[in-house]
Amino acid sequence: MIYSGSAISVASVGEGIVELKFDRGGESINKLDQATLREFDAATRAIAGDGGVRGVIVTSGKPVFIVGADITEFGDMFAAGEEAVAAGVLEVNRMFCRFEDLPVPTVAAINGICLGGGTELALTCDYRVIATAGRIGVPEVKLGIFPGFGGTVRLPRLIGVDNAVEWIATGSEKRPEEALKDGAVDAVVEPERLRDAALAMVRDCIAGRLDWQGRRAEKLGPIKLNATEQAMAFTSAMAVVGGKAGPNYPAPMLALKNMQTAAGLGRDAALEVEAKHFAKAAVTPQANALVGLFLADQAVKKAAGAWVKKGAREIRQAAVLGAGIMGGGIAYQAASRGTPVIMKDIREEALALGMNEAGKLLSKQVEKGKLKPADMTATLARIRPTLNYGDFGGVDILIEAVVENPKVKKAVFAEVEGLVPGTAIIASNTSTISIDFLAAGLKRPENFVGMHFFNPVHMMPLVEVIRGAKSSEAAVATTVALAQRMGKTPIVVNDCPGFFVNRVLFPYFAGFHMLLRDGADFQAVDKVMERFGWPMGPAYLMDVVGMDTAVHAADVMADGFPDRMRHDFRNTTSVLVEAGRYGQKTGKGYYAYAPDKKGRPTKSPDPATWELIAPVVAKRKEFTPEEVIARCMIPMVNEVARCLEEKIVASPQEADMALIYGIGFPPFRGGACRYVDQTGAAKFVALADQFKALGPLYEAPQLLRDMAAAGRRFFG
């Protein structure tokens, strides 16, 4: 054994060849934390000091190769400031360069996932062999940064500027065939042949059949383009990347500017340029938010896993009551992930609609080559449409997706509770109605929970699992497990009107309605909030959701929280609903809609809207973007803080991820709690106080006032 550590070992495999193996003790994956990097450098020095080494293969003892750097270390690292960040990544690059400069050929054997820093380490090798089960990429832009361990230096020199820009700016994972085509790897083999293939390649290098020194030299010199070619390549790339990334995601453009600046330099000088640009990206609020989101997502998954351990039961047969678009979407999602589901309705045409919905979603996957026709047939066979309750005696969980009417829902529950086994869970897909209210009168309220899907079901990742006062831990645990099995991210919340997501969304809508009441142009408000980062402004969002649905939900919220969510004025949405304008589904709402060439509804201004809402709005007035943002966002953020105070949602991480996954809160802002942290609690409370005359929605709750007074943050 040449070197042995807790994460890395180096051992001879004969013929002067050594195997440097990443295999973190007690872990299921390999990642490049500071301790592992120090071991890597020590292993490199041990190899360099052994005169008998003629070649090196780099392998993994895990099912993955290396998943990347340890993101949990980013917070402290980035908080240290630009100079410290640049110095830190340069130190890692010196380690990588010491390995790259070993006087013997090196080959990476990539057996599984190889991302971020793992890919950058593999790039220091002279050759790379990847298994057919592997995936490779540099996804750092999704964290608001870009490759900082030499990726922007080595990739363009190996695979060309155009390919490197695409890899780095999109952050997408590459399949082995794609990586081979681009030149990032040198061979693709079956997993069982990987190690032998890497050894064979090293032997070819030692025997002179492969010019490993010439290959290495490509990475050490400037990019092989003259000044004119460089200018053309980077100018066109910046136009494309800048258009796609936009002003809210600076990392891709910083990466390109860095690559252009370093294009004519040798490796070591180019790495210094990379370090400086990386540091600029690392200290941006976007990096802070996106790294925070990654960690919050991990926390949410951990919380869900903890729930599953509390007694989740096996789900062998599911059922859905209500076969419309939502019911059909739920049935599709369950069946596509292997769960047999009975879809029950009282009308044949509704069942046909539900099956058609599932069929359309599956057909699209077949058309795109993501699904085989036989798999589509098998998925549809798992959905059993029915007009009766005949087979409900074997159901493990029943998901209700009927009309959002409490009387209808309670009648359905009373009818079905006696038709399912005593252990069966009944879950309501209600979006606003209290679970405790719906459970009243049930014989087994401990088996009753909320399971709130978001529309469209197949696209929206969030499922709110609502725990009523009498819901058992086993019922919640089983529902969480089913949501995970369906490919969703479940977040458990406690019961209240609107639960968490809708409870905090409707104060946002209320702020919008007050702006219009006071003379704002709804189109101007939409534009401001879209520039803020929302995928659509509040008027457009209500058109998409369905304004009749929004009005109904607002009424539920007003009954639940009359002190701040019941208003003394007629809002514009109610006026438009009274005129039969429900949004996209009727072709008219705030905007008018017509299908484009692909049949998708496209919005356009409608002068009739202003005529209809004129009686309930003030004379047109221009508001500054800052005022529009404040008046929309303060009520939402305040309500998030109230939900944390009341333990409706368990943690800031779950609150932020619910908003990101449920309603498209701007990811680069990190969620409502991260937004407060970046604004500063004291500054946010002072801003809220400026608008307190608008009513209770603008009064900062005690949690935020306490944070402001103590200088505390939601996240450390």
For this session: Counting only residues that are surrounded by fewer than 19 Cβ atoms within 10 Å (Cβ to Cβ), in the same structural domain as Ala270 (by TED's automatic domain parsing) and touching a strand residue (DSSP E or B) at 6+ places or on another chain (Cβ under 6 Å), give me the strands (runs of 3 or more DSSP E) lying completely in region 17-123 with at least 3 of them.
Result: none
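Give the residue, chosen from Thr152, Thr124, Thr106, that is of a type in the set (Val, Ile, Thr), out of contact with any helix residue (DSSP H, G or I) (no Cβ under 6 Å at 6 or more places or on another chain) and at pLDDT 95 or above.
Values: Thr152 fails: out of contact with any helix residue (DSSP H, G or I) (no Cβ under 6 Å at 6 or more places or on another chain); Thr124 fails: out of contact with any helix residue (DSSP H, G or I) (no Cβ under 6 Å at 6 or more places or on another chain).
Unique residue meeting the criteria: Thr106.
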Exercise. Can you name the helices (runs of 4 or more DSSP H) wholly within region 265-374 that have at least 3 residues being touching a strand residue (DSSP E or B) at 6+ places or on another chain (Cβ under 8 Å)?
Worked result: 285-308, 325-336, 348-367
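Please go through region 426-440 and pick out each residue that is part of a loop (DSSP other than H, G, I, E, B) and touching a residue at least 40 places away in the same chain (Cβ under 8 Å).
Asn429, Ser431, Thr432, Ile433, Ser434
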For this session: Scan region 170-187 and report the pairs whose first residue is under 14 Å from Gly112 (Cα atoms) and whose second residue is of a type in the set (Lys, Arg) and crowded, with 18+ Cβ neighbours inside 10 Å, with Cβ atoms within less than 6 Å and a gap of 6+ or a chain change.
Result: Glu173/Arg135; Val185/Arg128
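Look through region 609-638, keep the residues that are assigned to a helix (DSSP H, G or I), touching a residue at least 12 places away in the same chain (Cβ under 8 Å) and out of contact with any Leu (no Cβ under 9 Å at 6 or more places or on another chain), and return whichever of them is surrounded by the most Cβ atoms within 10 Å (Cβ to Cβ).
The initial filter retains those residues of region 609-638 that are assigned to a helix (DSSP H, G or I), namely 609-616, 625-638.
Filter again for touching a residue at least 12 places away in the same chain (Cβ under 8 Å), leaving 609, 612-613, 615-616, 625, 628-638.
So of that shortlist, the ones also out of contact with any Leu (no Cβ under 9 Å at 6 or more places or on another chain) come out as 615, 625, 629, 633.
Working: Pro615: 8, Pro625: 14, Ile629: 18, Met633: 23.
It comes out as Met633.
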Exercise. Got a number for residues in region 124-153 being more than 17 Å from Gly88 (Cβ to Cβ) and in a helix (DSSP H, G or I)?
Worked result: 2
Exercise. Hey, among Ala641, Ala658, which residue is assigned by TED's automatic domain parsing to the domain that holds Pro507, of a type in the set (A, V, I, L, M) and buried (at least 23 other Cβ atoms within 10 Å of the Cβ)?
Worked result: Ala641
Exercise. Mind checking whether some residue in region 519-531 is crowded, with 24+ Cβ neighbours inside 10 Å, outside the structural domain of Ser431 (by TED's automatic domain parsing) and without any contact (Cβ under 8 Å) to a residue 60 or more places away in the chain?
Worked result: no
For this session: Tally the residues that are in a strand (DSSP E or B) and surrounded by 16 or more Cβ atoms within 10 Å (Cβ to Cβ), restricting the search to region 585-597.
Result: 3
For this session: Could you grab me the full set of residues in region 183-232 that are charged (D, E, K, R), surrounded by 15 or more Cβ atoms within 10 Å (Cβ to Cβ) and in contact with a helix residue (DSSP H, G or I) (Cβ under 6 Å, 6 or more places away or on another chain)?
Result: Lys219
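Taking region 691-716, which residues are closer than 20 Å to Ala510 by Cα, touching a helix residue (DSSP H, G or I) at 6+ places or on another chain (Cβ under 8 Å) and not charged (D, E, K, R)? Spell out how you get there, then give the answer.
Initial filter on region 691-716 (closer than 20 Å to Ala510 by Cα): 691-701.
Imposing the further condition that a residue be touching a helix residue (DSSP H, G or I) at 6+ places or on another chain (Cβ under 8 Å) reduces the set to 691-692, 694-701.
If the condition is that a residue be closer than 20 Å to Ala510 by Cα, touching a helix residue (DSSP H, G or I) at 6+ places or on another chain (Cβ under 8 Å) and not charged (D, E, K, R), then Phe691, Leu694, Gly695, Pro696, Leu697, Tyr698, Ala700, Pro701 are the ones that fit.
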Exercise. Within the group Gly292, Gly338, which residue is on the phi > 0 side of the Ramachandran plot, small (Gly, Ala, Ser) and modelled with pLDDT of 90 or more?
Worked result: Gly338
Problem set entry | Of the criteria (1) over 23 Å from the mean Cα position of the chain (by Cα); (2) closer than 25 Å to Pro667 by Cα, which one Ala122 fails | (2)
Problem set entry | region 379-423: number of residues that are buried (at least 16 other Cβ atoms within 10 Å of the Cβ) and within 30 Å of Met557 (Cβ to Cβ) | 13
For this session: State all residues of region 234-249 that are without any contact (Cβ under 8 Å) to a residue 60 or more places away in the chain and not in a helix (DSSP H, G or I); if no residue qualifies, say none.
Result: Gly246, Pro247
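Considering region 385-416 alone, what residues qualify as being in a helix (DSSP H, G or I) and either in contact with a Phe, Trp or Tyr (Cβ under 9 Å, 6 or more places away or on another chain) or of a type in the set (S, T, N, Q) (or both)? It would help to see each step written out before you state the result.
Residues of region 385-416 in a helix (DSSP H, G or I): 392-394, 406-416.
Matches in region 385-416: Pro406, Lys410, Phe413, Glu415, Val416.
Is it true that some residue in region 250-257 is part of a loop (DSSP other than H, G, I, E, B), touching a residue at least 24 places away in the same chain (Cβ under 8 Å) and within 30 Å of Gly533 (Cα to Cα)? Can you show your working first?
Narrowing region 250-257 to residues part of a loop (DSSP other than H, G, I, E, B): 250.
Restricting the remaining residues to those that are touching a residue at least 24 places away in the same chain (Cβ under 8 Å) gives 250.
Subset that is within 30 Å of Gly533 (Cα to Cα): 250.
Yes, region 250-257 contains at least one residue that is part of a loop (DSSP other than H, G, I, E, B), touching a residue at least 24 places away in the same chain (Cβ under 8 Å) and within 30 Å of Gly533 (Cα to Cα).
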Exercise. List pairs: first in region 60-75 and among the polar types (S, T, N, Q), second part of a loop (DSSP other than H, G, I, E, B), Cβ under 6 Å, 6+ apart or cross-chain?
Worked result: Ser60/Asn30; Ser60/Asn111
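Being under 30 Å from Met451 (Cα atoms), surrounded by fewer than 23 Cβ atoms within 10 Å (Cβ to Cβ), in contact with a helix residue (DSSP H, G or I) (Cβ under 9 Å, 6 or more places away or on another chain) and not hydroxyl-bearing (Ser, Thr, Tyr) narrows it down to one residue among Lys257, Lys280, Lys310; which is it?
Among Lys257, Lys280, Lys310, only Lys310 is under 30 Å from Met451 (Cα atoms), surrounded by fewer than 23 Cβ atoms within 10 Å (Cβ to Cβ), in contact with a helix residue (DSSP H, G or I) (Cβ under 9 Å, 6 or more places away or on another chain) and not hydroxyl-bearing (Ser, Thr, Tyr).
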Exercise. Do we find a residue being in the same structural domain as Pro507 (by TED's automatic domain parsing), modelled with pLDDT of 95 or more and small (Gly, Ala, Ser) anywhere in region 663-678?
Worked result: no
Problem set entry | Inter-residue pairs, beta-carbon under 6 Å, first over 14 Å from Ala630 (Cβ atoms) and in region 669-681, second among the charged types (D, E, K, R) and part of a loop (DSSP other than H, G, I, E, B), 6+ apart | Asp677/Arg713
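The values are calculated or read from the model by the stated rules, or taken from the named source; none is laboratory data. This structure is a prediction, so every number in the text was calculated from the model and none was measured. Don't worry about glycine lacking a Cβ; one is built from the backbone with ideal geometry, like all the others, and counts go over all protein chains shown.
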